[in-house]
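Working notes, structure below.
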Amino acid sequence: MKRFLLSIVMAATTMATMAQASLTKSMFVHLKSGATTEIPCADIDSITFGESSGQKPATEINVTHTMNIYYGDAYGIGKGAYLVCLSDGEITPEGLPTEVGQHLLRLLFMADKSDNYTTATIADGTYNLSSDSTTDKSLYSGESVYLVCTGYDDDGNVTGYQYDLASAQATVTNTDNLTTKIEATVTLNSEEDETLKFTYDGQLKFDNGDPTTYVPLDKDVSLTDLNASGRYTTSSDEKYGNYSVTFYNCELDDDGFVVGEGSLINFEIFTPYSKHMDLSKLAGTYTPVTLTSPESYTGHFMEGTWYPIYGDFYSAIGTYYTYFDENGSNTCYGLVKDGTVTVSVDGDNATFTLEGTTPEGKKVSMTSTANKSAISDFTQDTAEASAKPKVKFNGTRRKAAAKSKVFTPVKLR
């Protein structure tokens, strides 16, 4: 009993002394490395000594840059796939680091779907690493990796090390002022079992990676004097003729694929039937018709439609505008849903005038002339058709993203 009472007296005395010292004193921790860490006593709540947990303290990474892509329901499970790249340096559009020593974390959040990439938001909550992409509120391990840049190769591409994650947890908190806070702690699948904590607080904007949606035209466009290429075909039931004509000012390669910057407008116009191309029957004013109304095609143009060409590959068809960047890749689309197409014919020349409107309310205008020689008649007999000039425009040939020796550009596997 005396020993117990003495302990109480000593503890009370120590606490009183520390309370007084905490106002002006510091605790100095002397490490075996020779370093000394000072901690103000006022900041100390308690001190506990025990066996080591073996867990190394996390290296803190203050995120200054993000690059994010919303893939929609990429896995066909009714959930949205949100790729978030967090880094303390600039990030390339391919999701790669740019500076030596830079840390970059890619996390694929599986969460509730968003209506569109422009309003994509990851729901609040805690997300844990999972090897199953169907797990709700998870970080899919198949697409979540850590990269650190250590140098550059002879071509100037960044090189370094890429690690899978042994464990990961991220908390997401959205605020009323449209900012998002992400705190992500990950342990690398490496010999050192290094643990990193990435913290970001700011706006989280997403690029479009959802094949079922497109990047819409965000301004009015008006074009004149474009190059032309097209073809004439007929319906199998001989009810109408179809002029598919493309006007463009972008660069093409020898095979007719787009390889450079510029604009393109495609038309699908349905005329009264003629066995072979009769340019005089193209003259007239046309209004839009939907893809699903073939009985009403004659005398109309097909409205622009975002359509699954095959599998999960979507593209614009019908009457639409698109712009290509310097690599020959589409940057936006203007699907013409309303308006008129007027065609006047003078001998072997047909002048097309478009006054159209997109679903987003942007205006697409064009006036340009196509010579009959630019339109191939696909109804001719084989011998005649082979003598016709080859259709110049064949669409887009996408260039593969450049890869570094170590890092993999962002692309869902």
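Things to note:
- Residue 7 within 30 Å of residue 199 (Cβ to Cβ), out of contact with any strand residue (DSSP E or B) (no Cβ under 9 Å at 6 or more places or on another chain) and modelled with pLDDT under 90: no
- For residue 123, the criteria (1) touching a residue at least 40 places away in the same chain (Cβ under 8 Å); (2) assigned to a strand (DSSP E or B); (3) aliphatic (A, V, I, L, M) hold in every case but one, which is (2).
- So residue 224, is it β-branched (Val, Ile, Thr) and out of contact with any Ser or Thr (no Cβ under 9 Å at 6 or more places or on another chain): no
- Restricting the stretch 355-374 to residues that are under 34 Å from the mean Cα position of the chain (by Cα), β-branched (Val, Ile, Thr) and in a strand (DSSP E or B), the residue that is farthest from residue 228 (Cα to Cα): 357
- Scanning the stretch 308-339 for residues that are more than 20 Å from residue 252 (Cα to Cα), open to solvent by 30 Å² or more (accessible area, probe 1.4 Å) and either in a loop (DSSP other than H, G, I, E, B) or of a type in the set (Phe, Trp, Tyr) (or both) turns up 310, 311, 312, 313, 314, 337.
- Selection count where residues are surrounded by 14 or more Cβ atoms within 10 Å (Cβ to Cβ) and assigned to a loop (DSSP other than H, G, I, E, B), scope the stretch 101-111: 1
The rows are residues; the columns are (1) in contact with a helix residue (DSSP H, G or I) (Cβ under 7 Å, 6 or more places away or on another chain); (2) open to solvent by 40 Å² or more (accessible area, probe 1.4 Å); (3) under 16 Å from residue 206 (Cα atoms); (4) modelled with pLDDT of 95 or more.
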site	(1), (2), (3), (4)
49	no, yes, no, no
55	no, yes, no, no
66	no, yes, yes, yes
75	no, yes, no, no
93	no, yes, yes, no
98	no, yes, no, no
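- Verdict on residue 89 being touching a Cys at 6+ places or on another chain (Cβ under 6 Å), surrounded by 14 or more Cβ atoms within 10 Å (Cβ to Cβ), touching a residue at least 24 places away in the same chain (Cβ under 8 Å) and of a type outside the set (A, V, I, L, M, F, W, C): no
- Members of the stretch 287-307 that are exposed (fewer than 14 other Cβ atoms within 10 Å of the Cβ) and touching a residue at least 40 places away in the same chain (Cβ under 8 Å): 287
- Checking residue 143 against (1) of a type in the set (D, E, K, R); (2) touching a Ser or Thr at 6+ places or on another chain (Cβ under 7 Å); (3) at pLDDT 90 or above, the condition it does not meet: (2)
- Of all residues in the stretch 253-266, those satisfying the criterion of being touching a Gly at 6+ places or on another chain (Cβ under 8 Å) and outside any loop (DSSP other than H, G, I, E, B) are 257, 258, 266.
- For the stretch 282-316, the set of residues classified as within 23 Å of residue 362 (Cβ to Cβ), among the β-branched types (Val, Ile, Thr) and within 21 Å of the chain's Cα centre (by Cα) consists of 305 only.
- Selected residue (criterion: most open to solvent (accessible area, probe 1.4 Å)) from residues of the stretch 250-285 that are among the acidic types (Asp, Glu) and more than 22 Å from residue 339 (Cα to Cα): 254
- Within the stretch 338-366, the set of residues being farther than 20 Å from residue 280 by Cβ and polar (S, T, N, Q) comprises 357, 358, 365.
- Residue check, residue 247 open to solvent by 30 Å² or more (accessible area, probe 1.4 Å), over 18 Å from residue 65 (Cα atoms) and among the hydrophobic types (A, V, I, L, M, F, W, C): no
- Looking only at residues of the stretch 292-307 that are aromatic (Phe, Trp, Tyr) and in a strand (DSSP E or B), we find that the one that is farthest from residue 212 (Cα to Cα) is 301.
- Checked against the criteria, residue 24 does not count as at pLDDT 85 or above and open to solvent by 70 Å² or more (accessible area, probe 1.4 Å).
- The listed residues are 269, 265, and the only one of them that is farther than 20 Å from residue 216 by Cα and under 33 Å from the mean Cα position of the chain (by Cα) turns out to be 269.
The values are calculated or read from the model by the stated rules, or taken from the named source; none is laboratory data. Keep in mind the model is a prediction, meaning the values are calculated, not measured. When we count neighbours, we look across all protein chains shown, and the Cβ atoms used for this are built from the backbone with ideal geometry, even at glycine. Note: accessible area is taken over every heavy atom of the protein model, side chains too, but ligands, DNA and RNA are not part of it. Shrake-Rupley method; radii C 1.70, N 1.55, O 1.52, S 1.80 Å.
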